[in-house]
Amino acid sequence: MARFISGSVGVGGVNLKEDVRVIQEMLNRVPPGSSGPSPLLDTDGLVGPITIGAIRNFQQANLGFQDGRVDVNNKTIAKLNTFDTTPAATATVRFAHENPQDPLNPANPTDALDGLDTSAAPFPWLLAPNLGSNRIRLVNGGSFSLLTSNRNVATVEREVFGGTLGRLFTGLIIIRGISVGDAFISILDGIGNQVARLDVSVRRKRRMSVAFHYVKQPNIFSAANPGIQTSRNPGGEAGVVDQMNRIYLRQTNIEFSFVSARPLNINENLGIEVNTSLARLDGEWPRIVRHRSASAKFNVFFVRELETDLDGEPGNAAFSTSPTDTFDAITEIGGNRDCIFEDAAGNPLNLAETLSHEAGHALGELDDPNSKLLMFGTTDARGRKINKAQALRMNTNAAI
Ligand SMILES: [Zn+2]
């Protein structure tokens with residue numbers, strides 16, 4: 001019944017790939033007797049002399065003029081639409097994650113980490129990287145028109161496979177970030193109803209360098225005072241950072257880079273826990289974090305035990321010598337963004353996930369009560385999803 005384009009196609013036109021493909025498909029529906037192309041056009045979305053020639057032939061025969069261009073809402077596309085058969089929608093058209101299941105996120109397999117937030121309201125939302133692209137699934141909408149509200153911010157096109165005339169829609173659409181800003185993608189069915197909308201934010205790449213410090217205390221150990229030395233040792237950090245990027249890159253367009261890892265010898269007696277207050281990050285906190293690397297925006301200090309009370313501190317009979325575990329890791333929100341991370345945190349399997357949570361604090365986020373999200377407060381009980389509001393704040397955080 002009708003199809004729609006975001007911009008003009010042909011001579012001097014905007015020639016968005018999706019629009020060119022639509023016009024090629026529409027021309028192919030015109031029989032040769034009505035001056036449709038013969039042979040049929042390759043529906044490759046690329047405008048050239050063959051496609052422009054087909055537009056001219058169609059115009060001359062059906063409209064009595066030819067300028068080789070199809071404009072939005074003008075007489076050429078109106079005439080082409082008299083040959084179109086795109087139906088009205090009969091099923092719910094919706095956007096979905098690129099992969100229906102995320103095998104690397106088994107706790108929340110429907111919460112893929114591709115930057116699509118289906119819970120965003122009033123419309124689902126996608127982060128697209130500036131000067132890059134993101135892919136998601138379009139369900140039940142393969143034959144309908146895909147329009148961008150602002151082609152200078154984001155464009156959309158169907159992903160197709162197969163050669164020339166046999167190109168088939170894969171179910172995936174590609175959203176390209178053209179410049180930093182906000183836009184939306186509309187899906188229009190054959191009678192012009194908007195049957196789905198996707199809000200898109202195009203954001204630039206942000207980078208956050210990470211340094212790892214493994215606190216060691218080579219000279220002060222005794223049975224009564226095992227010290228705050230971590231049992232962790234340098235090694236494997238690049239792989240951990242890769243896993244952090246798997247969580248962050250598509251969801252926020254923030255990329256972590258590994259800058260250094262070292263044993264950090266602290267030859268002063270701090271007891272068996274790093275004691276601080278959560279409100280002020282004082283006490284023993286500054287005696288650790290003053291060793292931060294100035295070349296990193298996020299400094300992680302591995303220690304044996306971190307606490308916000310005196311429980312477990314040796315030399316006081318009123319307290320147990322077996323440490324309690326009220327906090328696994330603490331990161332300063334704002335300020336120097338330092339993180340102290342104890343041996344119980346993220347052990348053994350989800351070190352990168354817990355570090356990613358702490359990095360979220362370094363990026364200014366508070367704990368979130370939604371356990372499906374990365375910023376849920378309890379270690380080992382959280383998801384990996386970063387929602388729209390969090391992603392937009394993180395990407396524009398002044399610390400990076
Ligand atoms: Zn937290």
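Only residues that are among the small types (Gly, Ala, Ser) and assigned to a helix (DSSP H, G or I) were counted across region 1-56, and they come to 4.
Scanning region 355-400 for residues that are within 9 Å of the ligand (Cβ to nearest atom) and either in the same structural domain as PRO129 (by TED's automatic domain parsing) or assigned to a helix (DSSP H, G or I) (or both) yields HIS357, GLU358, GLY360, HIS361.
Which of the residues that make up region 179-232 are crowded, with 18+ Cβ neighbours inside 10 Å and of a type in the set (Val, Ile, Thr)? Result: ILE185, ILE187, VAL195, VAL200, VAL202, VAL210, VAL215, ILE228, THR230.
Among the residues of region 337-380, which ones are β-branched (Val, Ile, Thr) and surrounded by fewer than 22 Cβ atoms within 10 Å (Cβ to Cβ)? Before the answer, list the steps.
Just the residues of region 337-380 that are β-branched (Val, Ile, Thr), to begin with: 340, 354, 378-379.
Listed by number, the residues that qualify are THR354, THR378, THR379.
Condition test on ARG287, is it part of a helix (DSSP H, G or I), under 30 Å from THR326 (Cβ atoms) and at pLDDT below 95? So that I can check it myself, show each step before the final result.
Values: part of a helix (DSSP H, G or I): yes; under 30 Å from THR326 (Cβ atoms): yes; at pLDDT below 95: no.
Answer is no for this residue.
Filter region 47-74 for residues that are surrounded by 17 or more Cβ atoms within 10 Å (Cβ to Cβ), free of Cβ contacts under 8 Å to residues at least 40 places away in the same chain and of a type outside the set (S, T, N, Q) and give the result. So that I can check it myself, show each step before the final result.
Residues of region 47-74 surrounded by 17 or more Cβ atoms within 10 Å (Cβ to Cβ): 47, 51-52, 54-59, 62, 66, 68-70.
Restricting the remaining residues to those that are free of Cβ contacts under 8 Å to residues at least 40 places away in the same chain gives 47, 54, 56-59, 62, 66.
Within region 47-74, VAL47, ALA54, ARG56, PHE58 qualify.
Tallying residues that are within 19 Å of ALA344 (Cα to Cα) and assigned to a loop (DSSP other than H, G, I, E, B) within region 267-276 yields 5.
Residues of region 159-185 being aliphatic (A, V, I, L, M), part of a strand (DSSP E or B) and either at pLDDT 95 or above or more than 15 Å from GLU18 (Cβ to Cβ) (or both), which ones? Show your work before the answer.
Filtering region 159-185 for residues aliphatic (A, V, I, L, M) gives 160, 165, 168, 172-175, 178, 180, 183, 185.
Narrowing further to those that are part of a strand (DSSP E or B): 160, 168, 172-175, 183, 185.
Once the filter is applied, which keeps residues that are aliphatic (A, V, I, L, M), part of a strand (DSSP E or B) and either at pLDDT 95 or above or more than 15 Å from GLU18 (Cβ to Cβ) (or both), region 159-185 yields LEU168, LEU172, ILE173, ILE174, ILE175, ALA183, ILE185.
Under the condition of being over 21 Å from PRO100 (Cα atoms) and not aliphatic (A, V, I, L, M), the residues counted in region 161-181 number 9. Annotation: of all residues in region 251-265 being in contact with a helix residue (DSSP H, G or I) (Cβ under 7 Å, 6 or more places away or on another chain) and within 18 Å of ARG232 (Cα to Cα), the one that is surrounded by the fewest Cβ atoms within 10 Å (Cβ to Cβ) is PHE258. Taking first residues from region 76-90 that are outside the structural domain of ILE191 (by TED's automatic domain parsing) and part of a loop (DSSP other than H, G, I, E, B) and partners that are of a type in the set (S, T, N, Q) and surrounded by 16 or more Cβ atoms within 10 Å (Cβ to Cβ), the Cβ contacts under 8 Å between residues at least 6 apart in sequence or on separate chains come to THR86/SER145; ALA89/ASN140.
Remark: pairs (first residue in region 163-174, in contact (Cβ under 8 Å) with a residue 24 or more places away in the chain; second residue outside any strand (DSSP E or B); Cβ separation under 6 Å; 6+ apart in sequence or on different chains) = THR164/ASP42; LEU165/LEU40; ARG167/THR43; PHE169/GLY142. Answer yes if at least one residue in region 345-354 is under 20 Å from LYS216 (Cβ atoms), modelled with pLDDT of 90 or more and within 33 Å of the chain's Cα centre (by Cα), and no otherwise. Looking for residues that are under 20 Å from LYS216 (Cβ atoms), modelled with pLDDT of 90 or more and within 33 Å of the chain's Cα centre (by Cα), one finds at least one in region 345-354, hence yes. A single member of ALA238, ALA223, ALA196 is assigned to a loop (DSSP other than H, G, I, E, B) and either of a type in the set (A, V, I, L, M, F, W, C) or not assigned by TED's automatic domain parsing to the domain that holds GLY177 (or both), and it is ALA223. Candidates in region 15-46 are the residues that are aliphatic (A, V, I, L, M) and surrounded by fewer than 18 Cβ atoms within 10 Å (Cβ to Cβ); of these, the one that is farthest from LEU188 (Cα to Cα) is LEU40.
The values are calculated or read from the model by the stated rules, or taken from the named source; none is laboratory data. In this text the structure is predicted, and so the values were computed from the model without any measurement. Quick reminder, even Gly has a Cβ in these numbers, built from the backbone with ideal geometry, and neighbours come from all protein chains shown.
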